[in-house]
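**Q** Take a look at the following structure, please.
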Amino acid sequence: MNPTALKNTVFKSTGLIFASTLASAVLMWSSASFAAGTEYNLRVDGLACPFCAYGIEKKFLKTDGVKSVDVDLKNGLVIVKTKEGKTFQEDTLKTIVNDAGFTMRSVKKKTK
Amino acid sequence: MKFLNRLLVTLISIVALLIVTVYIFWMPSPQEPAYTLVKTWGSKGSAPGQFNEPTGITLSDTELFVSDARNTRIQVFDLNGNFKRLFGKKGDAPGQFNRPMNVVIAGNELYVADYFNDRIQVYGLDGSFKRNIGKSGSGDGEFNAPSGVAVASNGDLFVADFYNQRAQQLHTDGTFVRQWGETGQVGILDGKFNYPTDVALSKEGTLFIADGYNDRIVSFGPNGKPSAKWGGPFAMNIFGPFNGWFATVTNVSVGPSGHVFVADFYNDRIQKFTQGGKFLNSFGIENTGPTHTAIAAVEADDGSVFVADYANHQIQKWQPGK
């Protein structure tokens, strides 16, 4: 193989590797985006008592489509993360919080 | 003019009488010397001897058992705070639990209110699993977040059934005997509860129910009939920081002295009463953070009181004043 042909082959191979890497990255990014759920930050009053805080955690963990629940006592927030593709209406979230004995003041939705 | 003066004097007298009445009846003074904090141990973490939200505490003759709720385990110490052992595993299989809350020892067995799994779990004091009692639901013998348990001398269980707004009495095998409160109905009048958090029994069989958000203790005689209630004026959900008042009751226990100890969570203190509800003493560590300290207490034979300190992830040991 002459030097020019070798150069062309190297360029072609490099291009192919670059293109396939780029395609894989795009594919991984899109599937990651598709796999991500939704995060809801619920503002709830009176979370200082663990009987209450645990009650809210328990109610959400028993709700279909909920991946995790964290309680941020300092800021009075309940952070609910959902499984892939699962979303909740505000009224549903309110009902779950009410069932746990509390009132939901507000909700912020974050889609990843 | 004379009439108006008389009216004014009468009104002032009535107001003064009211203030004196409130002060005498609803703001009692301590009846004994102050308790002294002699020791604390523990910090936030998951290593042996550390805690992540301790929520319940009880004693055998020589050991202290603490439910370490978010670490999902029971930790055992000697009465000087030296770590001895731990047990428990997160899950819902027999022997596993999730968020252990108030605990009690009876007949060399440890009873754990398994809050997330809606059952009472029973262990040997060495941590060996014995049996569980109850399941999820609102029927007889079923629970919705059991939060506290007491055991009678005949083995009957009394369970604070938090979200079902009741306390149940069950036989050892879990069969239903009776209940106090209306299932799922919150109320402040007699016969109803507002998220009961714990129960305790005296040697004579009097049942004490910590009526959590009603800010009161309600007691029932061995015949099941009401015997006393206390916590602020008229024990009707009037909360406050004064002696004998509560702000969310999370635990009740009857000590070897026969006195009743109540965890007054939002006031960061333990209050001590006679079984009739007469205020005797209070003690605790104030907290400035978003949550609170004194969540449960137990009295030892020598009069020392051990307190599960939720906010500081530690145990407090108090001794009575002399």
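**Q** Collect the residues in the stretch B:233-257 that are part of a loop (DSSP other than H, G, I, E, B) and touching a strand residue (DSSP E or B) at 6+ places or on another chain (Cβ under 7 Å), keeping them in residue-number order. I'd like the intermediate steps shown before the answer.
**A** Narrowing the stretch B:233-257 to residues part of a loop (DSSP other than H, G, I, E, B): B:236-248, B:255-257.
B:ASN243, B:GLY244, B:PHE246, B:ALA247, B:GLY255, B:PRO256, B:SER257 - these are the residues of the stretch B:233-257 that are part of a loop (DSSP other than H, G, I, E, B) and touching a strand residue (DSSP E or B) at 6+ places or on another chain (Cβ under 7 Å).
**Q** Do any strands (runs of 3 or more DSSP E) entirely within the stretch B:93-163 hold 3 or more residues that are within 14 Å of another protein chain (Cβ to nearest Cβ) and open to solvent by less than 10 Å² (accessible area, probe 1.4 Å), and if so, which?
**A** Numbers: elements: B:100-106, B:109-114, B:119-124, B:129-133, B:146-151, B:157-161.
The qualifying strands (runs of 3 or more DSSP E) are B:100-106, B:146-151.
**Q** Out of B:GLY284, B:GLY289, I need the residue that is under 16 Å from the mean Cα position of the chain (by Cα) and either more than 14 Å from every other protein chain (Cβ to nearest Cβ) or open to solvent by 20 Å² or more (accessible area, probe 1.4 Å) (or both). Which one?
**A** Details: B:GLY289 fails: under 16 Å from the mean Cα position of the chain (by Cα).
B:GLY284 is the lone residue from the list that is under 16 Å from the mean Cα position of the chain (by Cα) and either more than 14 Å from every other protein chain (Cβ to nearest Cβ) or open to solvent by 20 Å² or more (accessible area, probe 1.4 Å) (or both).
**Q** To continue, here is another question. Restricting to the stretch B:258-287, give me the number of residues that are of a type in the set (Gly, Ala, Ser) and either assigned to a loop (DSSP other than H, G, I, E, B) or without any contact (Cβ under 8 Å) to a residue 12 or more places away in the chain (or both). Talk me through it step by step, then tell me what you get.
**A** Filtering the stretch B:258-287 down to residues of a type in the set (Gly, Ala, Ser) leaves B:258, B:263, B:276-277, B:282, B:284.
From the residues that got through so far, the ones that are either assigned to a loop (DSSP other than H, G, I, E, B) or without any contact (Cβ under 8 Å) to a residue 12 or more places away in the chain (or both) too are B:258, B:276-277, B:284.
The total comes to 4.
**Q** Out of all the residues in the stretch B:73-89, is one or more in contact with an Asp or Glu (Cβ under 9 Å, 6 or more places away or on another chain) and within 14 Å of chain A (Cβ to nearest Cβ)?
**A** Checked the stretch B:73-89: no residue is in contact with an Asp or Glu (Cβ under 9 Å, 6 or more places away or on another chain) and within 14 Å of chain A (Cβ to nearest Cβ).
**Q** Which condition does A:ILE79 not pass, out of (1) of a type in the set (A, V, I, L, M, F, W, C); (2) surrounded by fewer than 21 Cβ atoms within 10 Å (Cβ to Cβ); (3) within 14 Å of another protein chain (Cβ to nearest Cβ), if it passes all the others?
**A** (3)
**Q** For the stretch B:165-184, name all the residues that are within 14 Å of another protein chain (Cβ to nearest Cβ) and open to solvent by 10 Å² or more (accessible area, probe 1.4 Å).
**A** Hit for the stretch B:165-184 is B:GLY184, nothing else.
**Q** If you scan the stretch B:200-226, which residues turn out to be part of a loop (DSSP other than H, G, I, E, B), under 21 Å from B:ASP264 (Cα atoms) and charged (D, E, K, R)?
**A** Result: B:ASP215, single match.
**Q** Can you report the number of residues in the stretch B:188-216 which are within 18 Å of B:PHE234 (Cα to Cα), open to solvent by 10 Å² or more (accessible area, probe 1.4 Å) and within 14 Å of another protein chain (Cβ to nearest Cβ)?
**A** Looking only at that region, the number is 2.
**Q** Another question, if that's okay. What about B:THR36, is it more than 14 Å from B:HIS313 (Cα to Cα), open to solvent by 30 Å² or more (accessible area, probe 1.4 Å) and among the polar types (S, T, N, Q)? First the steps, then the outcome.
**A** Values: more than 14 Å from B:HIS313 (Cα to Cα): yes; open to solvent by 30 Å² or more (accessible area, probe 1.4 Å): yes; among the polar types (S, T, N, Q): yes.
Answer is yes for this residue.
The values are calculated or read from the model by the stated rules, or taken from the named source; none is laboratory data. Quantities reported herein were computed from a predicted structural model and do not represent experimental measurements. Don't worry about glycine lacking a Cβ; one is built from the backbone with ideal geometry, like all the others, and counts go over all protein chains shown. All accessible areas refer to the heavy atoms of the entire protein, side chains included, with ligands and DNA or RNA removed. Shrake-Rupley method; radii C 1.70, N 1.55, O 1.52, S 1.80 Å.
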